[in-house]
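The block underneath contains the structure these notes are about, expressed in C-alpha cells.
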Protein chains: 2
Amino acid sequence: MEARHLRYAIALAEHGHFGRAAASLGIAQPPLSKQIADLEREVGARLFDRTRQGVFPTAAGEAFLARARRALDEIAAAAVDAGRAARGETGRLRLGFIASALLDPLPGVLSRFGRERPGVRLELHEMATSRSGSALVAGELDVAFTLGPPRGAGTERLVSVPVGRDHVIAVVHTAHPYAGQQSVSADQLRRQPLIVSAGEDEPAVVAGLRTLLGPDSPALGGATVARDVHTIIGLAASGVGVGLGPSRMRAVPRPGVRFCDVTPRTPLPDLVLSFAARDRSPVLRAFLDTVRRNCPDVGAALDDRLRHHR
Amino acid sequence: MEARHLRYAIALAEHGHFGRAAASLGIAQPPLSKQIADLEREVGARLFDRTRQGVFPTAAGEAFLARARRALDEIAAAAVDAGRAARGETGRLRLGFIASALLDPLPGVLSRFGRERPGVRLELHEMATSRSGSALVAGELDVAFTLGPPRGAGTERLVSVPVGRDHVIAVVHTAHPYAGQQSVSADQLRRQPLIVSAGEDEPAVVAGLRTLLGPDSPALGGATVARDVHTIIGLAASGVGVGLGPSRMRAVPRPGVRFCDVTPRTPLPDLVLSFAARDRSPVLRAFLDTVRRNCPDVGAALDDRLRHHR
DNA sequence: ACCGGCGATATCTTCGAGGTATCGCAGCAG
DNA sequence: CTGCTGCGATACCTCGAAGATATCGCCGGT
C-alpha cells in the first residue's frame, strides 16, 4: 500500500464522485477507479458504496479514512520536522563547560541562543576540560567550553578556538589596604594570606601563580583553597585574605569586594570553545554563530579553523 | 513522497548500511541509494550521514524517522481497522425501538449481541414506530423494532420482518378475584376499573380493546391511562384495577401480580424488525443473525425477505 | 423507450522503480 | 607510498505499473 492510495481514497471521500475526485487529483477517472479497486482488494474490504446519489464510504471505509488522514498528516509533519531540524530550529545541544565559563561567556551566549532558537533543547553539563574532551570525541557532547584545548586520545578530531584571553587578578575586601590600588604586585601578595582555587581551574591557576610568586613560595603553600570562584570571592569579601583567580571573575560584581590587576600580568590558559571537526549539525552551526556574535574577537579565528577543516 | 520512501529510510536507519538495508528490502543497493537521494532532495535536508563506520541519521533524519514510523503504523492500522469494521467486529449500530420491546426481545438480543460483538458501540433510541420508520429511511437508524411495519414516505425501501405475535392480556393484583382464573372474559372486564396504555402501543392496544369491549364502551372511556407497561403493572399491583396490555408484559414477572389471558383472544399488531433493504453493513447482518438465533421462528421469514430484496 | 451521467473495463503509452555494471573514494595492510 | 578492498554514487538499461483514451454497461429520469 502506498501513500497514493490514501490520497486517492481521501479525495474520493471528499468529492463523493469518481470523476470530480480524479480531476481534483489531476488524473483521469479510470486510473482512480483502478487504484481504489486495488486498494479495496489489498485491504480485503469494500471501502466505498457506489450509489446513484454519489460515492460514500462504508463503515470499513470510515475506519480506513480516519487512519489514512492521520498517516498523511504524519508524513507531511515528517517533512516539516525534518526541515526545521535541518535549519537548526529544533533539536538538542549538549554543552559541556568548566565552572568558570558560567561567569563570563555563558550567561550572554545562552540567553541570546535561547532567544534565537527557542525550539532547541539545551543540555548543560559542568565538567572538567579533560572530560569534555573525551565526551566530545565519544559524541556525548556537541560543544564545550574548556580551559585550553582538550588533550588526549581522539582530540585531534576536535576544533578548538580561543574565546577569550585570561590572566590572574586579585579580589579583596573593600576595606582592605589594597582595595584602592589599581594593581597589586607579587611582593605585596607574598605578604598576605591568599585564597586560591582547587576546582577545574586549579592546575592552570596554580601554575600561573607559581611563576608569579616563585616556586615553593610559602605564601602559596599556606593559601586557603576554595572549590570555585564564587567561594574565592565570598571568602575575600569576608576578609579572609586576598583572592586570586581568573580575570573572568570580574563578570560577577559583588558589593563588598574590589578587583585588582596583578603585576606582572600573569597569563592563564585561554578559555576555548571545542567541538568535533566533522560535526555539521545546524544547531551547532547556529550556536557557533551566536558565540561569534557575542564574543567579537572570535570571528576570524573560528572562520579560519572551519576553513582549515574542510 | 510515497510510503516506499518511509520504509526505505527506516530500513536504512535500522541496518546502518545501504547494501544490507537493500537486501532486507529485497532490492539492490543502487535503487535504495537513489530513493534515499530523492527523499532527501524532496525533504530539502540531508537525512543520513554516510561515514566509513556506517550510515547514521542526522538530527533531521531522526525527526523524520520518528514521524515516518508513526505514519507506517497508521497505514498498517488503517488496513487492520478496515478489516475489523468489514467483518463487523467494530462499528456502531443505531437501534430504534418501541418501549415495549424492552420487555421481551431486547434484553436477550442485546446481551447476546454485546457478548458476541464487544467492539460494536450500541446506540439505543426509544421512539414511536413512525419516527423509527422515517429515521430508517433518512439513514439515521440502522435497525428498529416497531409495532407493525412502518408506513409513510420511503418505507417501501425498508425490509420488515415480524419478530413475534402479540395479543392483549390482563394483569391483576394477586388478591384480585380474577387472580386465580386462567383467562378473563370481555364481560368481566367491562365490570372492572381498567388501566390501559397511552404510550407508543396506545392506538393499537386501544383499537384492540375497542373490538374486544365494543365501541364506545364506558369501561374503556373511564380507564386509567398509563404511559408505559411498567406503570400498568405497577398500578395493577397496587390494586387500582385490571391492567390491559401486550402479552410481552409476561416477560417482566413481578411479585404481587398475576397475568391472565383475555377471551376472546384479541390480536395486536406484530412486533416487527425493520431495516433499510440496501443496507449491507456487516454489523447489521450480525445483528440480524443474533435476532434470528434468539427468536427461533424469525429465521425463515428473514431469509425470505433478504432473498426477495436481492 | 430513449437519453444522459457515471463507474468499470479494455488497450495503449509513458514514466520511473529497480537491475547490472562501473566508478570514485577513503581506510588499511604490505 | 601503493595496491587492495569495501561501500556508496553514477550511468545506463529494462519492465511493470500508473495513467491516458476510448468504450461499455447500468440505472434513473424524462
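The values are calculated or read from the model by the stated rules, or taken from the named source; none is laboratory data. Fair warning: this is a prediction, and the values are worked out from it, not measured in the lab. Cβ coordinates were reconstructed from backbone atoms using ideal geometry, including for glycine residues, and neighbour counts include every protein chain displayed.
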Just need a number here: residues in region B:136-148 that are surrounded by fewer than 19 Cβ atoms within 10 Å (Cβ to Cβ) and either over 30 Å from A:PRO57 (Cα atoms) or of a type in the set (Lys, Arg) (or both).
-> 1
What residue, of A:ARG151, A:ARG190, A:ARG165, is under 23 Å from A:GLY108 (Cβ atoms), surrounded by fewer than 22 Cβ atoms within 10 Å (Cβ to Cβ) and either of a type outside the set (D, E, K, R) or in contact (Cβ under 8 Å) with a residue 12 or more places away in the chain (or both)?
-> A:ARG165
First in region B:210-225 and of a type in the set (Lys, Arg), second anywhere and assigned to a loop (DSSP other than H, G, I, E, B), Cβ under 9 Å, 6 or more apart = B:ARG210/B:ASP216; B:ARG210/B:SER217
Which of the following residues is more than 10 Å from every other protein chain (Cβ to nearest Cβ) and either under 25 Å from B:ILE75 (Cβ atoms) or touching a Cys at 6+ places or on another chain (Cβ under 9 Å) (or both): A:ILE98, A:ILE27?
-> A:ILE27
What residue, of B:SER217, B:SER238, B:SER281, is among the polar types (S, T, N, Q), more than 22 Å from B:ASP104 (Cα to Cα) and in the same structural domain as B:VAL120 (by TED's automatic domain parsing)?
-> B:SER281
Can you tell me which residues in region B:23-37 are in contact with a His (Cβ under 7 Å, 6 or more places away or on another chain) and more than 6 Å from DNA strand C (Cβ to nearest atom)?
-> B:SER24
With the condition kept exactly as written, say whether any residue in region B:156-163 is part of a helix (DSSP H, G or I) and either among the hydroxyl-bearing types (Ser, Thr, Tyr) or more than 9 Å from chain A (Cβ to nearest Cβ) (or both).
-> yes
Conditions (1) under 30 Å from A:ALA76 (Cβ atoms); (2) touching a residue at least 40 places away in the same chain (Cβ under 8 Å): number failed by B:GLY83 | (2)
Residues (touching a residue at least 40 places away in the same chain (Cβ under 8 Å), closer than 30 Å to B:ARG285 by Cα and of a type outside the set (D, E, K, R)) located in region A:53-80 = A:VAL55, A:PHE56, A:PRO57, A:GLY61, A:PHE64, A:LEU65, A:ALA68
Matching residues in region A:38-60 - criterion: being touching a Ser or Thr at 6+ places or on another chain (Cβ under 7 Å) and away from DNA strand C (no atom under 12 Å from the Cβ) | A:ALA59
Of (1) at pLDDT below 95; (2) away from chain B (no Cβ under 14 Å), A:ALA37 fails just (1)
